[in-house]
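The values are calculated or read from the model by the stated rules, or taken from the named source; none is laboratory data. This one's a predicted model, so the numbers in the text were calculated from it and none came from an experiment. Note that we place each Cβ from the backbone using ideal geometry, even for glycine, and neighbour counts take in every protein chain shown.
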Amino acid sequence: MSRLGMTFQGLRRQGRKALIPYITAGYPSADITPALMHVLVEAGADIIELGVPFSDPSADGPVIQAASEYGLSQGIGLSQVLDRVRRFRESDTDTPVVLMGYANPIERYDLLRQPGAFAADAAETGVDGVLVVDYPPEVSGDLAAQLRSHDIDLIFLLAPTSTEQRILQVAERASGYVYCVSVKGVTGTTALNLDQVRTTLANTRRHVRIPVGVGFGIRDASTAREVAKVADAVVIGSWLIERLAGKPAAEALAVASDMIRDVRYQLDLDTPEPNHAFEPQYPKT
């Protein structure tokens, strides 16, 4: 069983939901990523989604676009992202890491080396899953086979507008988990509608038998908690990236830790036996 499978299985036994923070590799500083990943895990993250900087991130709002542009300006491409996963794995062999990005960097990576090089190198560095925003199921066959040969999960997006046919296609190919977009729009929106989330999840679960996570538009811990009541995982992206903007490394690590710790605490309030291991520490008065 993959690290993703074991993680979701363990959480299910505990009656808990997965917390998945998204960060862009190389942001808010070029070398912070491995340390930031460790801080997120220590604060209560179950899975890390690591964004691969790309010049034309069509599904991302201005916050993640800016983070991606910064990463590129620091020389962070797919090779450097894999290197950061490798460094993270030197002291964490348990936490699943999912790369999230676009087809172009992967295709260029293979073009400069050989077909299947990305899948092989991703496996060697310790990547557990890949989510390619602009690879729908019908064009993902080659990549899916390459990843599957290295026991890497291929994760797909579903949206409130996804048809039953699209859901069936995703159900057939997806592994690890399915990422449900909570809104009709790009990342960073503030227009999350919980009723719409419930409807999207109900439609998805008619066919999908693996865990389902929800992301886009989650901008506070209370909303994360409400989403976790109906989803298997909550993805925090733009809200976290926004909080890291312009901060030096030490401050960025502290901010990320406090934020994820608070979300973890809120999510665990609804477990059968609440786990307060990550309860935020407030100054005594």
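Cβ separations smaller than 7 Å between residues 6+ apart or across chains give the following pairs from the stretch 252-273 residues that are part of a helix (DSSP H, G or I) to residues that are surrounded by fewer than 18 Cβ atoms within 10 Å (Cβ to Cβ) and of a type in the set (Lys, Arg): Val255/Arg243; Val255/Lys247; Met259/Arg243.
Taken over the stretch 207-246, residues that are touching a residue at least 60 places away in the same chain (Cβ under 8 Å) and of a type in the set (D, E, K, R) amount to 2.
Of the helices (runs of 4 or more DSSP H) lying entirely inside the stretch 84-187, the ones with 2 or more residues being among the acidic types (Asp, Glu) and either within 27 Å of Asn203 (Cα to Cα) or modelled with pLDDT under 95 (or both) are found at 164-173. Selection of the stretch 5-55 for residues being farther than 22 Å from Ala122 by Cα and either small (Gly, Ala, Ser) or outside any helix (DSSP H, G or I) (or both) yields Gly10, Gly15, Arg16, Lys17, Ala18, Leu19, Pro28, Ser29, Ala43, Gly44.
Looking only at the stretch 123-147, residues that are under 17 Å from the mean Cα position of the chain (by Cα), closer than 17 Å to Tyr102 by Cβ and crowded, with 19+ Cβ neighbours inside 10 Å come to 6 in all. Of all residues in the stretch 89-121, those that are crowded, with 16+ Cβ neighbours inside 10 Å and in contact with a strand residue (DSSP E or B) (Cβ under 7 Å, 6 or more places away or on another chain) total 9.
Residues of the stretch 26-75 that are crowded, with 24+ Cβ neighbours inside 10 Å, among the β-branched types (Val, Ile, Thr) and without any contact (Cβ under 8 Å) to a residue 60 or more places away in the chain: Thr33, Ile48, Val52. Is it the case that Ile236 is surrounded by 20 or more Cβ atoms within 10 Å (Cβ to Cβ), under 16 Å from Ile23 (Cα atoms), in contact with a strand residue (DSSP E or B) (Cβ under 8 Å, 6 or more places away or on another chain) and at pLDDT below 95? So Ile236 fails the test.
When you look at Pro34, is it out of contact with any strand residue (DSSP E or B) (no Cβ under 9 Å at 6 or more places or on another chain) and more than 30 Å from Asp268 (Cα to Cα), yes or no? It is false that Pro34 is out of contact with any strand residue (DSSP E or B) (no Cβ under 9 Å at 6 or more places or on another chain) and more than 30 Å from Asp268 (Cα to Cα).
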